[in-house]
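Okay, so here's the structure we're looking at.
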Amino acid sequence: MLFELTSLQTPCLFKKYSLFSVLFIFVFISQSATASHAIAYGYSPKYPKGFSHFDYVNPDAPKGGRLNLNGSRTFDRLNPYLLKGVAAEGVDGLIFETLMEQSMDEPYTFYGLLADDIQLAEDGLSVIYHINPKARFSDGTKVTVEDVKFSFDTLMHNKYVHPAYKITLGAITEAQIVDKQRIRFVFKEKNPKLPMLLSSYLSVFPKHWVGNLEFKDTAMKIPIGSGPYTLESYDTGKQIKFKRNPDYWALNLGVRKGMFNFDEVVYKYFRDSTIALEALKAGEYDFRHEYNSKMWARDYTGRVFKSKEIIKKNIPHKNSVGIQGFVFNTRKALFRDKRVREALVLAYDFEWANRMLFYNQYQRNDSYFSNTELAAKGMISQRERELLAPFKEQLDERVFGEAWLPPKTTKPSSLRNNLRQSIRLLKDAGWEYKKGALRNKEGQAFSFELTLSQKAFERIAAPYARNLKKLGIKMSYRTVDYALYKRKAETKDFDMIVSSYPQSQVPGNELGSRWSSKTADVDGSANYPGIKNPVIDNLLKQLSNTTDRSEVITITRAMDRVLLSEFYLVPHWYIATHRIAYWDKFEFPKKLPDYFSAEAWMLSTWWFKAQYRKRK
């Protein structure tokens, strides 16, 4: 999810209720392999075994009413795990569930859901989950270890499944059924991340849902899951309706008490964000999380806002924000030279954009781990230097000095000075201005296309294109249908796109999908720039082999310096609040969680006022 506009969402590691979730983890289980109800990163879980409810929910929240939400553009499949097509909102989370559930008021802790106990082997090479004997699918059948194994085997080995699953869980060799309630997952090597990744990432579906079909042929088959809702109806690309399951097996579990309080949840799809906002004002749906600063500043106006029928709020969050930017496709010859990429980074004027386009709502991304202690800051530390020393000949010498900061255009700096630096870099890379354009030695003009998924982003692309034109570079931009945009991004068929890399306080295996050499040419991976950097590969490996928090910080800071020095993208911006608007028909808990997505918080913990709880 982008912080200005929703541009690209992949079925990936930011599952269901937290946008910043697949993390580097340490299993909070004794080395004697006694069973535990929870796993956490390097600290004791907040909630004891058998806890009644999370602190940020109302355990007595009343149920009822129909919640209408805004779907993201379109959908053409109900199965959320396939590579091809666009999945419907809500299925993965409302219908399908995972082994454990993440709390929103701890940095990264998971508590039992489908699995009620977890045991880590003494040698750290396997983990056993005990499946809750009360767990049931919506058709009344038990959730069995056979279903868990089938789900794992399908997501890991079926050729039609999105490769993000194979990448993330690739260090798990097999799932072994121990007995009627227990299943063991075996690791290729000792890796304390894997139990957490399994807990958060392995959605479980019944074997009989697939039956004798090829998995790809379940694209539009009505899903059967163990979650709080069932699918009631859908109109492909237009609307999908979920109905709360009155026989939901986990209704009174601590991880579900007081949650999912709406009788119906309906996603209505609008292909254009402006039309979608007008639909909110007209009462077509109830809640909106806004990502566009211009719309937030100028378009949330009118009678329904003046009368407070629609409430407009900025809700602070403590989520780490990662990085967003114009991403170069380094597979293209045009962007293989780092000097060219740096020149184009210098041509972007964030200060002008923030003032003129964003109403000064944003801060500049200055790190791949923005807003966290993981970000590289100031002069390189001795330990960072030691990590990078073996690769000194391969690295830009600036990596070993002060951390890179994005170019500014506030006084005494200026865009003109930045463009002069760009010209020098381009000239060194073999590009000179001739015959009305910047050309290489073969006389080819410097031109490329920025592919967009939303027309509203054109207002951001246009001033950047004007700056590049001053250098003799032609950047065209084209807005395409979301399904085509997603396909082009996943198959790496683009010159430049807009994308984001949300982060967590404790990053982990998801970084491999983004920055590892082995994922650079994998369709569906998040390695959009095509990064093939042995230094990054080495740091990723070191990160996967440590549970020491100080070492994690050092490794990510070193990695940050390397990534920034290679100019794989033109950094954008971030915001430390959720901008939300909703019809004044809701109530919600007084306590705000610390780490949450706005949609997840609303969907899982809010409820309707009494007059709106009647079925529509």
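The values are calculated or read from the model by the stated rules, or taken from the named source; none is laboratory data. Computed from a predicted model, the values in this text were never measured in an experiment. When we count neighbours, we look across all protein chains shown, and the Cβ atoms used for this are built from the backbone with ideal geometry, even at glycine.
For segment 323-346, what are the residues that are closer than 12 Å to TYR568 by Cβ and among the acidic types (Asp, Glu)? Across segment 323-346, the qualifying residue is only GLU342. Just wondering, is there one or more residues in segment 117-126 that are modelled with pLDDT under 95 and within 30 Å of HIS317 (Cβ to Cβ)? There is at least one residue in segment 117-126 that is modelled with pLDDT under 95 and within 30 Å of HIS317 (Cβ to Cβ).
Restricting attention to segment 178-225 and to residues that are under 23 Å from TYR108 (Cα atoms) and of a type in the set (S, T, N, Q), the residue that is nearest to the chain's Cα centre (by Cα) turns out to be SER200. If you check GLU342 against the conditions, is it assigned to a helix (DSSP H, G or I), surrounded by 19 or more Cβ atoms within 10 Å (Cβ to Cβ) and more than 24 Å from the chain's Cα centre (by Cα)? For GLU342, the condition - assigned to a helix (DSSP H, G or I), surrounded by 19 or more Cβ atoms within 10 Å (Cβ to Cβ) and more than 24 Å from the chain's Cα centre (by Cα) - is met. Filter segment 257-314 down to residues that are closer than 27 Å to HIS53 by Cβ, basic (Lys, Arg) and in a loop (DSSP other than H, G, I, E, B), then give me how many there are. Residues meeting the conditions: 1. Residues in segment 148-176 that are in contact with a strand residue (DSSP E or B) (Cβ under 8 Å, 6 or more places away or on another chain) and not β-branched (Val, Ile, Thr): LYS149, SER151, PHE152, ASP153, LEU155, MET156, TYR160, HIS162, ALA171, GLU174, ALA175, GLN176. For segment 524-543, what are the residues that are outside any loop (DSSP other than H, G, I, E, B), of a type in the set (S, T, N, Q) and either over 30 Å from ASP493 (Cβ atoms) or free of Cβ contacts under 8 Å to residues at least 60 places away in the same chain (or both)? Correct list: GLN542 only. Evaluate the following for TYR129: is it farther than 30 Å from GLU284 by Cα, touching a strand residue (DSSP E or B) at 6+ places or on another chain (Cβ under 6 Å) and at pLDDT 95 or above? Considered against the rule, which asks whether it is farther than 30 Å from GLU284 by Cα, touching a strand residue (DSSP E or B) at 6+ places or on another chain (Cβ under 6 Å) and at pLDDT 95 or above, TYR129 comes out as yes. Determine whether LYS190 is surrounded by fewer than 19 Cβ atoms within 10 Å (Cβ to Cβ), over 30 Å from TRP515 (Cα atoms) and touching a residue at least 24 places away in the same chain (Cβ under 8 Å). When the stated conditions are applied, LYS190 does not pass them.
Yes or no, residue by residue, for (1) of a type in the set (S, T, N, Q); (2) outside the structural domain of PHE567 (by TED's automatic domain parsing); (3) touching a residue at least 40 places away in the same chain (Cβ under 8 Å); (4) in contact with a Cys (Cβ under 7 Å, 6 or more places away or on another chain):
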residue: ASN417; (1), (2), (3), (4): yes, no, no, no
residue: GLN421; (1), (2), (3), (4): yes, no, yes, no
residue: LYS435; (1), (2), (3), (4): no, no, no, no
residue: ASN467; (1), (2), (3), (4): yes, no, yes, no
residue: LEU471; (1), (2), (3), (4): no, no, yes, no
residue: MET496; (1), (2), (3), (4): no, no, yes, no
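Given the structure, is LYS488 farther than 30 Å from ASN319 by Cα and free of Cβ contacts under 8 Å to residues at least 60 places away in the same chain? For LYS488, the condition - farther than 30 Å from ASN319 by Cα and free of Cβ contacts under 8 Å to residues at least 60 places away in the same chain - is not met. Considering every residue within segment 559-581, establish whether at least one is under 22 Å from GLU89 (Cβ atoms), hydrophobic (A, V, I, L, M, F, W, C) and surrounded by fewer than 20 Cβ atoms within 10 Å (Cβ to Cβ). Yes, because at least one residue in segment 559-581 is under 22 Å from GLU89 (Cβ atoms), hydrophobic (A, V, I, L, M, F, W, C) and surrounded by fewer than 20 Cβ atoms within 10 Å (Cβ to Cβ). Going through segment 428-438 one residue at a time, which ones are under 38 Å from the mean Cα position of the chain (by Cα) and either within 17 Å of MET475 (Cα to Cα) or part of a helix (DSSP H, G or I) (or both)? ASP428, TRP431, LEU438 - these are the residues of segment 428-438 that are under 38 Å from the mean Cα position of the chain (by Cα) and either within 17 Å of MET475 (Cα to Cα) or part of a helix (DSSP H, G or I) (or both). Among all residues of segment 167-181, there is at least one that is assigned to a helix (DSSP H, G or I), out of contact with any Leu (no Cβ under 7 Å at 6 or more places or on another chain) and touching a residue at least 60 places away in the same chain (Cβ under 8 Å).
Here GLU106 passes the criteria (1) part of a strand (DSSP E or B); (2) in contact with a Lys or Arg (Cβ under 7 Å, 6 or more places away or on another chain); (3) charged (D, E, K, R) except the one numbered (1). Each residue in segment 59-81 was checked for being of a type outside the set (S, T, N, Q) and within 23 Å of the chain's Cα centre (by Cα), and 9 pass. Any residue at all in segment 445-454 that's within 34 Å of the chain's Cα centre (by Cα) and either farther than 23 Å from PHE335 by Cβ or at pLDDT below 95 (or both)? Scanning segment 445-454 turns up at least one residue that is within 34 Å of the chain's Cα centre (by Cα) and either farther than 23 Å from PHE335 by Cβ or at pLDDT below 95 (or both).
When segment 346-363 is limited to residues that are in contact (Cβ under 8 Å) with a residue 12 or more places away in the chain and not hydrophobic (A, V, I, L, M, F, W, C), the one that is farthest from ARG416 (Cα to Cα) turns out to be GLN361. Under the condition of being assigned to a loop (DSSP other than H, G, I, E, B) and more than 24 Å from LEU94 (Cβ to Cβ), the residues counted in segment 582-616 number 2. Does ARG385 satisfy the condition of being farther than 23 Å from LEU471 by Cα and part of a helix (DSSP H, G or I)? In short, yes.
The rows are residues; the columns are (1) over 15 Å from the mean Cα position of the chain (by Cα); (2) modelled with pLDDT of 95 or more; (3) crowded, with 23+ Cβ neighbours inside 10 Å; (4) within 28 Å of LYS455 (Cβ to Cβ).
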{"site": "PRO502", "(1), (2), (3), (4)": "no, no, yes, yes"}
{"site": "PRO507", "(1), (2), (3), (4)": "no, no, yes, no"}
{"site": "SER517", "(1), (2), (3), (4)": "yes, yes, no, no"}
{"site": "SER525", "(1), (2), (3), (4)": "no, no, yes, yes"}
{"site": "TYR528", "(1), (2), (3), (4)": "no, yes, yes, yes"}
{"site": "SER544", "(1), (2), (3), (4)": "yes, no, no, no"}
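Looking only at segment 437-465, filter to residues that are hydrophobic (A, V, I, L, M, F, W, C) and in contact (Cβ under 8 Å) with a residue 40 or more places away in the chain; which one of those is surrounded by the fewest Cβ atoms within 10 Å (Cβ to Cβ)? The residue in question is ALA456.
Test THR372 against the criterion of being assigned to a loop (DSSP other than H, G, I, E, B) and over 21 Å from the mean Cα position of the chain (by Cα), and give yes or no. Spelling it out, it is not the case that THR372 is assigned to a loop (DSSP other than H, G, I, E, B) and over 21 Å from the mean Cα position of the chain (by Cα).
So is ASN292 under 22 Å from ALA483 (Cα atoms) and either exposed (fewer than 14 other Cβ atoms within 10 Å of the Cβ) or of a type in the set (S, T, N, Q) (or both) or not? Answer is yes for this residue. In segment 367-394, the residues that are at pLDDT 95 or above form Cβ pairs under 9 Å with partners that are part of a loop (DSSP other than H, G, I, E, B) and of a type in the set (Lys, Arg), at six or more places apart or across chains, as follows: SER367/LYS377.
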